[in-house]
Amino acid sequence: MNNPIIKSVAVGFLVVNVSACGYLFGEQGLFPSKADDYKKSKEEPLLTLPEGVQSSHIEEVYSIPSVENAYVSPVEFEAPRPQPLVAATAADTVRIQKLGEESWALVNVAPGQLWPQVRSFLASVNWPVAAVDPQAGIIDTQYLPLKDDEREARFRLRVERGVQRGTSELHVVHMYRAVDDAWPDRSDDFKIESDVLQSIAQYIANSTEEASVSMIADRSISAEGKMRSVDVSANEAYLQLELPFDRAWASLQIALENSGFGVDDLNRSEGTYYVTYKGDNADEDEGWFGWLFSDDENPLIGQGFTVTVKTLQNDVQEIRLNPVTPAAIPERGQPMLMSVIKGNIN
């Protein structure tokens, strides 16, 4: 049964409700929304200190990063998914990585969070500390007696930013007591180095959830990672990786395999991989290109590429992905593939 009175009351209530929302939360309301206030923010000049006052400890907390290669497409396009912050395969909190005789712990927390965990480990095992430099991420122990060894040894623990944003690396150097007392570039005993690294990694894995954050280490050791993507155009991008060539070369091969590429051939002396894109390794609903292509219509599948690693300077590598048949690559296809590779490099 239709009741005109009920209808009138309902319409009247709706009008009042909408008006009330505007009265309370509109631009002129009692509680205006501040969601878009950031668009009105202005960049203020740096703080000016009086003459004679030291400014070495004053720095910008919310600095505005510079934009490099700010390419703007001349046509409208759909924005792609944001790049992953960490490697898609890095499910574990702590992993031991090895390359030759060198080993390090990859930890999926920022350096500012890893630093107090390392300090806590040293306190838990009663290892006396000789020197601490949070800005360099270095902790040196005093000389210690080793079990089943007549010689004394000390250790240098170094916290670095990881390859991926928000990750860290822990390196250990073992040194027997020597006359010159200078730290070696590599450990005197890699077995002892590995044992100590394993012990610290296990301690970190057991205490990650209750870890604190060191503000000094967090501000000194960047959490931005050792890799950045450089956009040349809408259809071209490359990576810059702050690693020695040997490690960058090995990391890239694993990243290619985890990114859906098959390695057909390689030439290490020329720094070149010859690969074919096989498709996303993840499920279709969760895959990187699942929102854009299905497996049957993805034009990237089956395409050949050359991936080159070129040393620039100071252990900085340039990684480029070049299609064998450029005309067969869809718009933004190459940058999207580079994003996938970037997310899998450690």
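The values are calculated or read from the model by the stated rules, or taken from the named source; none is laboratory data. Computed from a predicted model, the values in this text were never measured in an experiment. Reconstructed Cβ throughout: ideal geometry from the backbone, glycine too, with neighbour counts over all protein chains shown. Please note that ligands, DNA and RNA were not included when accessible areas were found on the heavy atoms of the full protein model with its side chains. Shrake-Rupley method; radii C 1.70, N 1.55, O 1.52, S 1.80 Å.
Of the residues in the stretch 194-202, none is more than 26 Å from Gln317 (Cβ to Cβ), of a type in the set (Asp, Glu) and either assigned to a loop (DSSP other than H, G, I, E, B) or open to solvent by less than 20 Å² (accessible area, probe 1.4 Å) (or both). It is to be established whether one or more residues within the stretch 112-131 are of a type in the set (Gly, Ala, Ser) and under 14 Å from Ala205 (Cα atoms). So far as the stretch 112-131 goes, yes, one or more of its residues are of a type in the set (Gly, Ala, Ser) and under 14 Å from Ala205 (Cα atoms).
For the stretch 58-73, state whether one or more residues are at pLDDT below 75, under 30 Å from Val196 (Cβ atoms) and open to solvent by less than 100 Å² (accessible area, probe 1.4 Å). No: the stretch 58-73 contains no residue that is at pLDDT below 75, under 30 Å from Val196 (Cβ atoms) and open to solvent by less than 100 Å² (accessible area, probe 1.4 Å). The criterion of being in a helix (DSSP H, G or I), open to solvent by 60 Å² or more (accessible area, probe 1.4 Å) and of a type outside the set (Lys, Arg) does not hold for Ala130. Within the stretch 242-269, the residues that satisfy the criterion of being in contact with an Asp or Glu (Cβ under 8 Å, 6 or more places away or on another chain) and aliphatic (A, V, I, L, M) are Leu243, Val263. Which of the residues spanning the stretch 110-122 are within 15 Å of the chain's Cα centre (by Cα) and open to solvent by 10 Å² or more (accessible area, probe 1.4 Å)? Hits for the stretch 110-122 are Ala110, Gln113. Identify the residue in the stretch 301-316 that is in a loop (DSSP other than H, G, I, E, B) and touching a Pro at 6+ places or on another chain (Cβ under 9 Å) and, among all such residues, is surrounded by the most Cβ atoms within 10 Å (Cβ to Cβ). Residue satisfying both the conditions and the ranking: Gln303. Here is the figure for the stretch 152-193: residues that are of a type outside the set (A, V, I, L, M, F, W, C), assigned to a helix (DSSP H, G or I) and surrounded by fewer than 18 Cβ atoms within 10 Å (Cβ to Cβ) total 1. Hey, can you tell me all the residues within the stretch 237-267 that are closer than 24 Å to Pro326 by Cα and open to solvent by 70 Å² or more (accessible area, probe 1.4 Å)? Hits for the stretch 237-267 are Glu257, Asp264, Asp265, Leu266. Of all residues in the stretch 30-57, those being at pLDDT below 65 and surrounded by 10 or more Cβ atoms within 10 Å (Cβ to Cβ) number 1. Looking only at the stretch 137-151, residues that are open to solvent by less than 40 Å² (accessible area, probe 1.4 Å) and part of a loop (DSSP other than H, G, I, E, B) come to 2 in all.
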